[in-house]
Every structure is written in structure tokens, then in C-alpha cells.
1. Give me, ordered by chain and number, the residues 5 or more places off B:Val241 or on other chains with an amide H under 5 Å from its own placed amide H.
2. How many angstrom lie between the C-alpha centres of segment B:386-457 and segment B:251-291?
3. In whole angstrom, and with the biggest value first, how far do the Cα coordinates of chain B range along each principal axis?
4. List the residues, sorted by chain then number, that are 5 or more residues from B:Gln385 or on another chain and whose placed amide H is less than 5 Å from its amide H.
5. Less than 14 Å Cβ to Cβ from B:Arg67, Lys/Arg counted +1 and Asp/Glu -1: what total charge do the surrounding residues give?
6. Using a 10 Å cut-off around each Cβ of peptide B:96-107, what is the average number of partner chain Cβ atoms that fall inside?
7. With a/c under 1.5 counting as rounded, go ahead and sort segment B:55-98 into rounded, prolate or oblate using the C-alpha gyration tensor (a ≥ b ≥ c being the square roots of the eigenvalues; past the cut-off, prolate if a/b is larger than b/c, else oblate).
8. For peptide B:40-53, what's the mean number of Cβ atoms from other chains within 10 Å of each residue's Cβ?
Amino acid sequence: MMAVNWRALLQENRDLFFNIHNEEIKEGKGYLGAAANAEKVESVKEQVFEYYISDVNARLIYEKNA
Amino acid sequence: MGHEFIGQLAKNMKNVEYDRVIYNSKNYIGNRNHVWQIDNKKYTPEDVAEKILSVAKANVERFYGERVDGAVITVPASFNHDQIESTKNAAKSAGFLEDRLIFISEPTAALLDLIYEEKLSDKRNTIHDFSKPKKVLVFDLGGGTCDVSIMNVEINGDDYKVEELAISPHTQLGGVDFDICGVLYLLHKYSILNDIDHKRMPHHVDVKRYIFSVLSLEIEKARIMFSSLSSGLTGEGYGDVVYRNSLENFYTGQSFEFEISKKEYDECIKPLLTKGGNLGFNIIDPIIDTLNKANLGKEDIDEVFLVGGMTAYSTVREAIENFFGKKTISYLDPMYSVAKGAALYNYYNENKKKIEKGKIIIYPVVAENIYLDVKNNLPVLLVSQGTKAPYEKVHEGIVKVDNATGIKLDILSGKSIYDPKMKRLKSVQLTFTDIIKPGTPISIKVTFDKNRILHLEAWVTGNFKQRIDVTFDKEVLYDGC
Amino acid sequence: MKPYIGIDLGTTNTVVACADYIEDGNVKIDILDIEQISDRCGSITVKKNVAVLHLCG
């Protein structure tokens, strides 16, 4: 299995081996350890504030939806 | 519900119960939307920090046989106030008292340790002379962050004065990125050996978690071996060191026998060490950025001090030395400098009233410009980068009301108003108790405390009753507070 | 003796140091070994570094 001539292969395919992209690193980091929920947990409140400027209105709507 | 473990045992479980280990939680602290769920329990980054600090506190108390309620805790120089505030909340939950907590930047702490060690050795043979003011660049590359600070160090008798001149933007680049580069490389090798494209390997996300977890541990082991066996073997023409291992039941029941040499690994991590690499981030860019902020060239730096576990790796150290064209200062074990410096600062700070000599004065600065943004307007500069903390300023009538019932204020940070990486730190809402005429001016008071935590107060100019205190863990309307 | 502690809360390792006055105006700084108190899963000794949270099922 280890009979591959890595030295020759690496020299011929430098880009394949060493041209790593940002997205690959980001994705790889995401696979380390427990899964995380990066979604917004308080999205109801946040959405409400996108549309209503008043704290009082927002609270009423949030309570209604909760 | 299982038991929680914190420490080396947890680390050792990375390849056994890989999907039940929380990694790199510090990278997400201050972000309340990042939540890990294991069984049915949710963990925020702040919860994880609290648990780690609780264990640390319990151990100190057991060792000394008395209650400990104060500490100096270090944070990256580039942490923003949300990140510092969240760390502070974790420490409070762990049982530390708020007024006995001090946060100093990691590079500053490391520098204090360096000065102290040099001072201890001055009777024997001083290597680095701090008797005259010096500009020191501290490069701190740890597990998850790359922090650069330029500081002016002045020693007057027994007093130390450390003035931060500029600090880098928050750069999430550390050991984990170096590991992933090696992991991707090994996956390429696996693809060739088995004649498949690893990117197209059909598998469940759990399989990917397993693959990345075990390979990242292998790369970490390889790097430790390269560090221990290749010291002294540097430069072109040195002999190579090879790490070999075999992983049973790696994928679809098959084992994976592999090898990686130091030269191969160094080639893999090259983009992380090279300015303008294709990744969009590397260790050189934050150095250049910080030099620019301080209006200094690399030749103006008297000493370069390396801190953090990753700087123990010779290839990283060589990249920095090549950039500066000179030798750097580093310790045999750069992992302990930061904690030692923090303990030293704690001692001097607690005893400053009692002792006449030997004071440590630190002048921390703000890492990036802080802007206030009101909908449909250009952001207004509130605090410039480099402003020394503590700081207080009132901006009278800085913005105008465009709505009769309230105004939404966005707090942003970045290099300039055109910075594409501008971050929204917080959104706050000033709701008026009485209806206000549109066009009425709003005043803002900005305060930075010694821990670099930002506090804002906003009020209708001339009407102090219509105000909001936007100290960030209170009155913030978004985050469920 | 009152400990003056410094904590480097790192991304992958946490280090705790304690400073104590010794004599002649000198301060001694030690790195503290950290160990986790035994529990139902047995006694666990952790050398120096606290890193990650693990939940044992």
C-alpha cells in the first residue's frame, strides 16, 4: 500500500496537494467535535425589531407569537 | 444525561467520542447565537468558559486551602467588548467577584513575564536590555487566534510602563487551521491510495466528523514529533523527519496506513505563513496591519517576542524571522508566558498601595475604530483605534431622530467606514417615553473602562429623562436579556 | 498564604499561574497543575491544561 512514490507524485501534482482553499479549511473546522447550531436562537425577537421600532409593540408581538 | 469532563481526559476523547467534544469554544465567545447541543442540553461558548474557569478556581482553592474570588484573566488584545464582557460573565458565573476581576491582553501579559524574567536574570547575564524605552512587537499564535501587539516598554527603576501602540484586528487563525491543512493533505493521499475522490466520498456527516477528528489528532502528533526531532535541523538541505501511523477501521471498515514528512507538512501550511496567499488569511497580514496602524516600519521594531504554543514550531518562527530579517525572542515553552504575566500583574496590582517601588502601569488601546450607524446615514466615528483606555467622551447632538417613537442605533467596528470587513457589534434601541419631534438631536456618552469594555449612554439632547443606558449586558433588546 | 492568580483562558489550553512574594522584593510565579475531582467515572488527573468540555454518556 505504501509503495506509492510520493516524492514523484507530489512533484507532478503540487497544485492538487498544496493548493488549499479557504472554504475547505472552514468546512473542515466545522467537522471538529460536537455539532453546533449557529442559527439565531432568538430570531423571533430579532425579526420583530426589523419591522417595528417600538419596544412596546415588539414585546406585544413577541408575546403573541411565543 | 452524562457527566461533564474538562481537561486532558476530554481532549483524549476527541477520537473516541468525537461528536461529544466541544472544540475551540473561545472562538465563538460573545456570540450568543452559537450553541452546541449534546443530548438535550445546550451549551453556549460562555457556558463552556464558565465550566473551565470553575475547575481552575476549585483547583487553586484546594491547593491553597482558602477561598479565591479574584483573578487576572487574559483575553486576546483584539477581543471586542462583547467578547470581553462575555468572558467576564463566565468568570462571574464561575464564582469570581466582578470587582476583583481584571482583564488584560494576552500579549501584554506575556511581555510582563518577559521583562520580569529578564530582570531576574540581570544580575547574571541580561540578554535583552530594557533599560531604555523599546518598541516590542508581540506575536501570539495560539490554538485559535493570531494576535499582534506593538508596545512601548519603559522601565524606570523598578517600575514597568507598558503602553500599547497598536493591536491587530481579531484574526481567527491558530493551531486548528494548521491542523486542517495537514488533514486535507492526508485526505488527498487517502484518495490516491484508494483511487477515490475524498470530496465525493458518500458519507454521513458523522463519518466526516470522525475522519476530521482522528486525522487532526494525527497531525497534531506529527507536529509535536517534528518539533522535538528536527530542532537544529533547519534551512535548506536538512534531513527530513517522517511521521508514520496506521488507523484501523478508518473508512468503510478499511484501515489507513499513512506517512507525512516535515517537508510535506511545511509545504501544506505555507499559505498560512505567506503574505498574500490564496487563503485570504495568514500570519503576516496582521503584522503588516498592526505596523501600519502604529505608523511604523518593520525596521522600527526593537524586539519581536513570540508567544503561544504554535510559535514553538520552527517553521512558524522562521517565517516571522524572515519577515523581520532578525532573530526573535522566544521561550523554551511559550505556552506559559501569558498566565505567568497575568499572575505577576495580579500581585503588583493588589499590592500597589503597599509597595513604593515596582509598579506596573498598562495603557491599553482600542483595536479598531468604533462607529455609530443610524439607518440611512453614513456611520459616525465614536472612538478612533489607538484611543487609550480608560476613556470617556460626550458627543452632543451627534445624530438626529427620524422617528417619533424611537431610534435604532447600530454600533460597528472596522478600519474605516468603507471597510468590507466592518462588523456590527450591537444594535440597541432607544425608545422614547414621550413622542419626540423628528429632527431632534440625540447625544451619546461613550466610556471605555480599564478592561476595554464599551459603555454607551444615549439620550434626547436637553432631555435627560429620555435616555437609555446601553452598557452591553443590560438593556440590550436583541439578545433575550 | 494569599494566592495572586493569573489565568490564560486559551482556545485549546488553559493555564493557571500563581504569584507569591518570596523575599528581597522578589515574586515567585508557579504554573499550577490542575486536576479534576473524582466522580462516578473515576478519578481523573489533568496535567496543567484544561481544554475542552466532554460529556461522558
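Coordinate-derived values only; no laboratory data. Just so it is clear, the structure is predicted and the values come from calculations on it, not from any experiment. Note that each Cβ is placed from the backbone with ideal geometry, even for glycine, and that neighbours are counted across all protein chains shown.
1. The answer is B:Lys262, B:Lys263.
2. What the calculation gives is 40 Å, centre to centre.
3. Cα spread of chain B along its principal axes, largest to smallest: 74, 62, 51 Å.
4. Under 5 Å from the amide H of B:Gln385 lie the amide H atoms of B:Asn369, B:Ile370, each far enough along the sequence or on another chain.
5. Summing Lys and Arg as +1 and Asp and Glu as -1 gives +1.
6. Working: counts 2, 0, 0, 0, 0, 0, 1, 1, 1, 0, 3, 0.
The per-residue average across the peptide is 1.
7. Working: a/c = 3.17, a/b = 2.26, b/c = 1.41.
Taking the square roots of the gyration eigenvalues as a ≥ b ≥ c, segment B:55-98 is prolate.
8. Working: counts 0, 1, 2, 4, 2, 1, 0, 1, 2, 3, 0, 2, 9, 5.
Mean shielding by partner chains, rounded to a whole number: 2.
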